[in-house]
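Engineer: My questions will all concern the structure given below.
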Amino acid sequence: MPVRGKDFTVHFVPIEELWPQHRGPNEIAIVFVGYMDESYDGSAVPKVFNLSCLVSSITGWIYFEWDWLKILEDKNQELRRQGRKELSRFHAKNINNFAEEYKDWSPSERLEFCTKLTEVFGRNPVHIHGWDMPVQTLVEEIPETSPNPVGFAYVMLLGELMQQIGETTLSLPNYRGDLISLHHDTCKYDAALLEYFNLLLEDRSFQFRERFTSITPERWQFCAPLQPADLVAYENFKEGMRFHVKDSKEAKRNRMRKSLEAIINLDSISGRARTYTREMIQALKEKLDKDPETKSAIFKAARIHN
């Protein structure tokens, strides 16, 4: 889903069409919920880092979660009958590499299972938002980020996601007074994300600062919506590899993965994903160099101490 240097919007359907009974004219502002997850190869300086967010209403997430967990429970019943290892959760990287709980699965079994999970998206509308950062390019253009480029990518992409959600989901006519809370898989950057989130809410130039209520780390064991967020982040990461890394198997495939295409082609899905190009990173460096105070605050939030 990342863009070839520009916005890539997938039939961005107004929320009032996706969720027509979501809110009446006399009701108070509601809170949307966004579940975020990251995806990258785990190295200190990965080729690509992706941060994605799935947004729906509170009610929408209840139905999505029921639907998703029912498919996992049905699969676990089947695995139990066969005397095979049951699933603790859906995990995109493991299922794509036939690792851990999926090591004895066949390609056809994986396809059948993932098709059922994709159908959950078809029955439960969500907005998909995504940004990716070519981290090795980042370090080349802004060497000061080299002590912790992943931390820098985390906080910068959080800001980009919040801006994008504000410009799209929160700017639709019927929802201009509504709010959103963000939730992410707990990681070593929990405090960094919170710190940068608060910086944005204190920034008077951020026009959507009063629309975001909170950002909260969640444990996957108790937060099922992190699983579809993991799926989308992984697919977006793979698409980012196709765009940024010319010798990758994703680039050699020369097409979007069918699993991602199946999701974004659903009528129930609206989305926008973007990528940082080298030119955008160069422009970011120039902007930061002109504003030392902001640069210092961002580097501090990213846990970079030069």
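Residues checked against (1) in contact with a Lys or Arg (Cβ under 7 Å, 6 or more places away or on another chain); (2) in a helix (DSSP H, G or I); (3) β-branched (V, I, T); (4) at positive phi:
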{"residue": "I95", "(1), (2), (3), (4)": "yes, yes, yes, no"}
{"residue": "F113", "(1), (2), (3), (4)": "yes, yes, no, no"}
{"residue": "K116", "(1), (2), (3), (4)": "no, yes, no, no"}
{"residue": "V120", "(1), (2), (3), (4)": "no, yes, yes, no"}
{"residue": "G130", "(1), (2), (3), (4)": "no, no, no, no"}
{"residue": "E140", "(1), (2), (3), (4)": "no, yes, no, no"}
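Engineer: With at pLDDT below 95 and within 23 Å of H127 (Cβ to Cβ) as the only criterion, which of F197, F243, F237 stands out?
Structural biologist: F243
Engineer: If we scan region 247-262, do we find a residue that is free of Cβ contacts under 8 Å to residues at least 24 places away in the same chain and among the small types (G, A, S)?
Structural biologist: Scanning region 247-262, I find at least one residue that is free of Cβ contacts under 8 Å to residues at least 24 places away in the same chain and among the small types (G, A, S), so the answer is yes.
Engineer: I've got another one for you. Just the residues that are crowded, with 19+ Cβ neighbours inside 10 Å and not in a strand (DSSP E or B), please, taken from region 184-194.
Structural biologist: Across region 184-194, the qualifying residues are Y189, A192, L193.
Engineer: Restricting to region 8-60, and then to whatever is at pLDDT below 95, part of a loop (DSSP other than H, G, I, E, B) and β-branched (V, I, T), can you tell me which residue is farthest from D185 (Cα to Cα)?
Structural biologist: Of everything passing the filter in region 8-60, I28 is farthest from D185 (Cα to Cα).
Engineer: What pairs can you find where one residue is in region 189-213 and in contact (Cβ under 8 Å) with a residue 60 or more places away in the chain, the other is among the charged types (D, E, K, R), and their Cβ atoms are less than 6 Å apart, with a gap of 6+ or different chains?
Structural biologist: A192/R303
Engineer: Then there's this: In region 49-102, what residues are in contact (Cβ under 8 Å) with a residue 40 or more places away in the chain and among the aromatic types (F, W, Y)?
Structural biologist: If the condition is that a residue be in contact (Cβ under 8 Å) with a residue 40 or more places away in the chain and among the aromatic types (F, W, Y), then F49, W61, Y63, F64, W68, F90 are the ones that fit.
Engineer: I would also like to ask the following. Out of the helices (runs of 4 or more DSSP H) lying entirely within region 223-271, which hold 2 or more residues that are under 17 Å from W68 (Cα atoms)?
Structural biologist: Ranges flagged: 226-244, 258-264.
Engineer: From the list I215, I165, exactly one residue is under 30 Å from I71 (Cα atoms), in contact with a helix residue (DSSP H, G or I) (Cβ under 6 Å, 6 or more places away or on another chain) and modelled with pLDDT of 95 or more. Which is it?
Structural biologist: I215
Engineer: If I go through region 159-183 residue by residue, how many of them are closer than 20 Å to P149 by Cβ and either surrounded by fewer than 17 Cβ atoms within 10 Å (Cβ to Cβ) or touching a Gly at 6+ places or on another chain (Cβ under 9 Å) (or both)?
Structural biologist: Count: 1.
Engineer: Mind checking which pairs have a first residue in region 146-165 that is over 17 Å from Y40 (Cα atoms) and a second that is among the aliphatic types (A, V, I, L, M) and assigned to a helix (DSSP H, G or I), Cβ under 7 Å, 6 or more apart or different chains?
Structural biologist: Close Cβ pairs (under 7 Å, with a partner that is among the aliphatic types (A, V, I, L, M) and assigned to a helix (DSSP H, G or I)) amount to G159/L200; M162/L200.
Engineer: Check region 286-295 and report whether any residue there is within 20 Å of E141 (Cβ to Cβ), in contact with a Lys or Arg (Cβ under 8 Å, 6 or more places away or on another chain) and surrounded by fewer than 14 Cβ atoms within 10 Å (Cβ to Cβ).
Structural biologist: Yes, region 286-295 contains at least one residue that is within 20 Å of E141 (Cβ to Cβ), in contact with a Lys or Arg (Cβ under 8 Å, 6 or more places away or on another chain) and surrounded by fewer than 14 Cβ atoms within 10 Å (Cβ to Cβ).
Engineer: Residue check, I71 against (1) assigned to a helix (DSSP H, G or I); (2) surrounded by 20 or more Cβ atoms within 10 Å (Cβ to Cβ); (3) not acidic (D, E), all met but one. Which one?
Structural biologist: It is condition (2) that I71 fails.
The values are calculated or read from the model by the stated rules, or taken from the named source; none is laboratory data. None of the values given here were measured: they were computed from a predicted structure. Reconstructed Cβ throughout: ideal geometry from the backbone, glycine too, with neighbour counts over all protein chains shown.
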